[in-house]
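For reference, the structure discussed in these notes is given below.
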Amino acid sequence: MRANHPIKASPSQVVRRASGPLAVTVAAALMLTACGGADKSSAGAGGDTLVVDTSFSLKTADPGRTFEPTGILVTRPVYDTLLTFDNGDVTKPVPLLAASFEAAPDAKTFTFPLRPEAKFSDGSPVTAKDVVFSFNRVKNIKGNPAFLLDGVTVAAKDEHTVVLTTEAADPALPFRLATPALGIVNSKTVTAHGGTDAPGADQGDKAEQYLNGDSQGSGPYRITKYDVGTEVVLTRNDNYWGAKPKYAKVVVRNVPANTQQLNILQGASQVSLDMSPDQATKVKGQAQVLTKPTPTTAFLFANDDPAVSPITSNKDFQEAVRYGVDYKGLLDVAGAGSAQAAGVVPSFFTGALDPAAAIARDIPRAKAALARAGLNNPSVDLYYASDVTINGINFGDLGARVQANLKEVGITINLKPAPTQTALESYRKGSEAMGLWWWQADYPDASDYLAFAPGELVGLRAGWKPGGNAEVTALAQQAKTATTDAQRVQLYRQMQEAMNKTGPFIPLLQPAQVIAAANSVKNLHYNPIWYIDVDKLG
């Protein structure tokens, strides 16, 4: 996410959820959480109360500002969005507050008739005016979620119809609209408590503190307690217009992963979101365990800029690295449930490469490529963040495994670990000869990975300048504006195939997300964006 991981975020925003909600967790942050992390009054699980343990990455409950993992988890059942994803299937947005939606053939105009029965937690109806206010507020607050509406204009066609228009074809817009940060707020109440959707809202909007204590959404739950350090309590919304959730109360607690395992075994909580694959093996048989690849792609890059490194910019050297890595061996480091990344786009997104297309280790081919490069025992520095784990994966362990793999090919890798803030600086400058990093989805669509193209955000950090690869650039531009699903799938796959042949990026793996739950919890599904639908559990 742009707010929460090193590729896109500021150093202060690196803490990340267990992927997918991904958990990129700065190790020191875990030391700050108390054992159990919740008030005694809400520590027990069972009956009408669902207790969910997770390691908090939480700053605000204001949907116009939140983009942190825990914030997304707790705001999703509080603020309905126009569209959503059912049961973790992120390949197809479906209506929620919208009764239906229609996209124009040119993918520049999107029309959303609203459900007439939808109402806010105070009983007032949800109108097109509320949608316009909510979206313009997100844009004008200029917080982490604002980019989701770049180039988008929102208008009310009538009291119950919203029309979104875009400057250019934007077929990915429906996928972004399902993001909880674009939940709809009660415009009348938020305005009465200092909220504004006008230009200058980044300075003039004063509603965040109010929304942290008194949510104003139309979802099945309300926020009745909010503490960024200990817990968030959701209470069933008696005015909810849709199906009534089973649990009257949901308590989301800030708990370290090792304690989450103990809590599940002892029945002190019913859901855990942050166990590692190894920890999960100890609760199997006593609880249900979901283990799925996350929408995070861990990758290597060999800098394409000769001014940074004449070694790594050599295309034959890049091929030697690509075929010298033992991808299956890296999965042993990542643990059960992880998967090799065939391309930069995660395996369950529309436009992902078939897993069968993933690069397989080929040491003779790697050695032949290195010989063509004309490099005699090349030695290269590999940079990575030393104080971050992703779903239990330590990047130092990955780096050491890559170092050993490439030594077999004839490449010496010098490991250069650094604290995250230090590593981010060199990464963002594009000054690393080789880097070991990760990309976490902002929203579940392949368009979020156009950043890897030449001249784009991540491309530039790997020294892949504009014009660095005409084929990839052309495919990326075509994919960005393609309007049919078939065209988009074909173009995004072709783009990644071309990147895997001659690009500086070497996709490695998707870490595993582990969700453990008591056997009494039914209808458990993993959602790559917000972990679980607490309102659907029964």
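In terms of accessible area, using a 1.4 Å probe and ignoring ligands and nucleic acids, Asp238, Asp533, Asp158 rank largest first as Asp238, Asp158, Asp533. Put simply, the convex hull of the Cα atoms in the chain casts, on average, a shadow of 22.9 nm². Extension gain, Ala404 to Asp89: 0.36 nm times the residue separation minus the Cα-Cα distance gives 109.6 nm. In the range 141-257, a dipole from Cβ-located charges (positive for Lys and Arg, negative for Asp and Glu) runs towards its positive end, and of Val185, Pro199, Trp241 it is Trp241 whose Cα lies farthest in that direction.
The residues of the chain expose on average 36 square angstrom of accessible surface per residue, using a 1.4 Å probe on protein heavy atoms. The distance linking the range 409-436 with the range 186-257 is 40 Å (Cα centroid to Cα centroid, whole angstrom). The residues packed around Ile264, meaning those with a beta-carbon under 10 Å from its beta-carbon, carry a net charge of 0 if Lys and Arg are +1 and Asp and Glu are -1. Quick one: compute the contact order of the chain, relative version, from alpha carbon pairs under 8 angstrom and 6+ residues apart, as a percent. Computed over the chain, the figure is 21 percent. Please state the shape class of the range 316-421: rounded when a/c is under 1.5, otherwise prolate if a/b exceeds b/c and oblate if not, all from the C-alpha gyration tensor. Cα axes put the range 316-421 in the oblate bin. Where the alpha-carbon atoms of the range 408-538 are placed on the principal axes, they occupy 53, 42, 31 Å, in descending order. By DSSP, the beta bridges lying fully in the chain are antiparallel in about 75 percent of cases.
Per-residue 3J(HN,Hα) values for the range 522-538, derived from phi via the Karplus relation 6.51 cos²θ - 1.76 cosθ + 1.60 with θ = phi - 60°, read 10, 6, 7, 9, 8, 10, x, 9, 10, 6, 9, 9, 5, 6, 9, 6, x Hz in sequence order (x marks Gly and Pro). About the centre of its Cα atoms, the range 172-315 shows a dipole size close to 740 debye [charges on the beta carbon of Lys, Arg (+1) and Asp, Glu (-1) only; nearest 20 debye].
Would you mind checking the tilt of helix 420-429 against the longest principal axis of the Cα atoms of the chain, expressed as 0 to 90 degrees and rounded to 10? Roughly 70 degrees between the two axes.
Seen against the Cα atoms of the chain and their longest principal axis, helix 363-373 is set at about 70 degrees. Helical runs (DSSP H, four residues minimum) scored at -39500 (n - 2.57) apiece and divided by the length of the chain put the mean residue ellipticity at 222 nm at -7500 deg cm²/dmol. Close amide H partners of Asp89, meaning residues 5 or more places away or on another chain with modelled amide H under 5 Å apart, do not exist here.
Taking a ≥ b ≥ c as the square roots of the Cα gyration tensor eigenvalues, the range 166-235 comes out oblate, since a/c reaches at least 1.5 and a/b does not exceed b/c. Ordering Asp214, Asp80 by accessible surface, largest first, gives Asp214, Asp80; the 1.4 Å probe counts only protein heavy atoms, with every chain in place. The phi-based Karplus calculation (6.51 cos²θ - 1.76 cosθ + 1.60; θ = phi - 60°) puts the 3J(HN,Hα) values of the range 304-315 at 8, 9, x, 5, 7, 7, x, 7, 5, 7, 5, 5 Hz, whole numbers, x for Gly and Pro.
Using a probe of 1.4 Å, the accessible surface attributed to His193 totals some 80 Å² when neighbouring protein chains are kept in position. Any chance you could give the angle, 0 to 90 degrees and rounded to 10, that helix 257-266 forms with the longest Cα principal axis of the chain? The angle comes out at about 50 degrees.
Taking every protein chain into account, the 1.4 Å probe leaves Lys282 with about 130 Å² of accessible area, to the nearest ten. Rounded if a/c is under 1.5, else prolate if a/b is larger than b/c, else oblate: which is the range 317-372, with a ≥ b ≥ c the root eigenvalues of its Cα gyration tensor? The shape class here is oblate. A Förster radius of 25 Å, combined with the Cβ-Cβ distance separating Leu457 from Asp106, puts the computed FRET efficiency at roughly 0.40. Overall, the range 413-538 carries a charge dipole of about 240 debye about its Cα centre when +1 sits on the Cβ of Lys and Arg and -1 on the Cβ of Asp and Glu, all other atoms neutral. For Asp387, nonlocal amide neighbours, meaning residues 5 or more places apart or on other chains whose placed amide H falls under 5 Å from its own, are Thr420. A probe of 1.4 angstrom, applied to the heavy atoms of all protein chains, finds Ile311 with accessible area near 40 square angstrom.
The values are calculated or read from the model by the stated rules, or taken from the named source; none is laboratory data. It should be emphasised that the depicted structure is a prediction, and the values quoted were computed from it without experimental measurement. Neighbour counts are summed over all protein chains in view; Cβ atoms, including those assigned to glycine, are modelled from backbone coordinates with ideal geometry. In case anyone asks, the SASA skips ligands and DNA or RNA and just uses the protein heavy atoms, side chains included. Shrake-Rupley method; radii C 1.70, N 1.55, O 1.52, S 1.80 Å.
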